[in-house]
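Step one of this worksheet: look at the structure below.
The values are calculated or read from the model by the stated rules, or taken from the named source; none is laboratory data. Just so it is clear, the model here is predicted, and its values are computed rather than measured. Reconstructed Cβ throughout: ideal geometry from the backbone, glycine too, with neighbour counts over all protein chains shown.
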Amino acid sequence: MDQRLIDALQRAERMLVITGAGLSADSGLPTYRGLGGLYNGVTAEGIPIEQALSGSTLRDNPSLCWKYLAELGKACLAAKPNAGHYAIAELQRRKPECWVLTQNIDGYHRLAGSDPARLIEIHGELAPLYCQSCGAVSEELAGHLDKPLPPRCEQCAGILRPPVVLFDEMLPEKAIETLYHELSKGFDLVIAVGTTASFPYIAEPVLRTRQAGGFTVEINPQDGALSPFVDVHLRDRALDVLPILLSHTLAN
Ligand SMILES: [Zn+2]
């Protein structure tokens, strides 16, 4: 382990852990493109998966969009958080100013015990469902997946949806606000885990922290957009290396 990284881990107070699909993949979760029944990113209906999982498809052809939302939902319910998620949650307990920014919609950070007050789910999450017509919040996801799709509201028969950001939809305003508010305060250490950082709001915290003199780390077996710009790139799987990083911080 790089000594500069160990020093940074021990010294850091303001920390940000950014997580992407690679962390969920370590739980056995498929990424969008790897979903069962999909081939080369094209659905059985012959449209790109990005189009099937879009806000406009949810509006115009809700049962098609829901076919793939349900696949995602079943995959998430069938897997569970891994050692990487638990190490991050413990890191947050040890470092009261450690934040998590995730692209993942599986809810595993919450399940692993991450503090929801320091968790920014920038692409939303798959549960609980709510009614697009009357706003009523429905029961948990699992109860709906084996019934006819799309799931309907018990009160008004409107179509339910998860609070997830579909492919052509805006990011949740509160999440963006929180991210940029915390970013303006600065971070001593940013660790990007399993993300290709193809979104500007994922890359920016790393680049800004580096520029301001903070320490930046990438955990990713592959090279991504961030790799040339981080202080340390660990080419390991998140679930192996995060518990090791945790062991270099002090327990209370
Ligand atoms: Zn309703």
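Observations, loosely collected:
- Hits in region 195-224 - residues which are surrounded by fewer than 19 Cβ atoms within 10 Å (Cβ to Cβ) and among the hydrophobic types (A, V, I, L, M, F, W, C): Phe199, Leu207, Ala212
- Taken together, the residues in region 119-137 that are outside any loop (DSSP other than H, G, I, E, B) and over 18 Å from the mean Cα position of the chain (by Cα) amount to 3.
- Residue match in region 114-129 (condition: acidic (Asp, Glu) and in contact with a Lys or Arg (Cβ under 6 Å, 6 or more places away or on another chain)): no
- Ser138 vs. criteria near the ligand (Cβ under 10 Å from one of its atoms), surrounded by 20 or more Cβ atoms within 10 Å (Cβ to Cβ) and not assigned by TED's automatic domain parsing to the domain that holds Ile202: yes
- Here Asp60 clears all of (1) at pLDDT 95 or above; (2) in contact with a helix residue (DSSP H, G or I) (Cβ under 9 Å, 6 or more places away or on another chain) except the condition numbered (2).
- Among the residues of region 98-135, those identified as within 16 Å of the ligand (Cβ to nearest atom) and among the hydroxyl-bearing types (Ser, Thr, Tyr) are Tyr130, Ser133.
- Considering the conditions (1) within 16 Å of the ligand (Cβ to nearest atom); (2) under 14 Å from Leu69 (Cβ atoms); (3) modelled with pLDDT under 95; (4) surrounded by fewer than 19 Cβ atoms within 10 Å (Cβ to Cβ), Phe167 is excluded by exactly one of them, (1).
- Checklist (1) in contact with a strand residue (DSSP E or B) (Cβ under 8 Å, 6 or more places away or on another chain); (2) more than 27 Å from His233 (Cβ to Cβ); (3) free of Cβ contacts under 8 Å to residues at least 40 places away in the same chain; (4) among the basic types (Lys, Arg) applied to Arg161, failing item: (3)
- Taking the criterion of being surrounded by 15 or more Cβ atoms within 10 Å (Cβ to Cβ) and within 16 Å of the ligand (Cβ to nearest atom), the residues of region 141-164 that qualify are His144, Pro150, Pro151, Arg152, Cys153, Gly158, Ile159, Leu160, Arg161, Pro162, Pro163.
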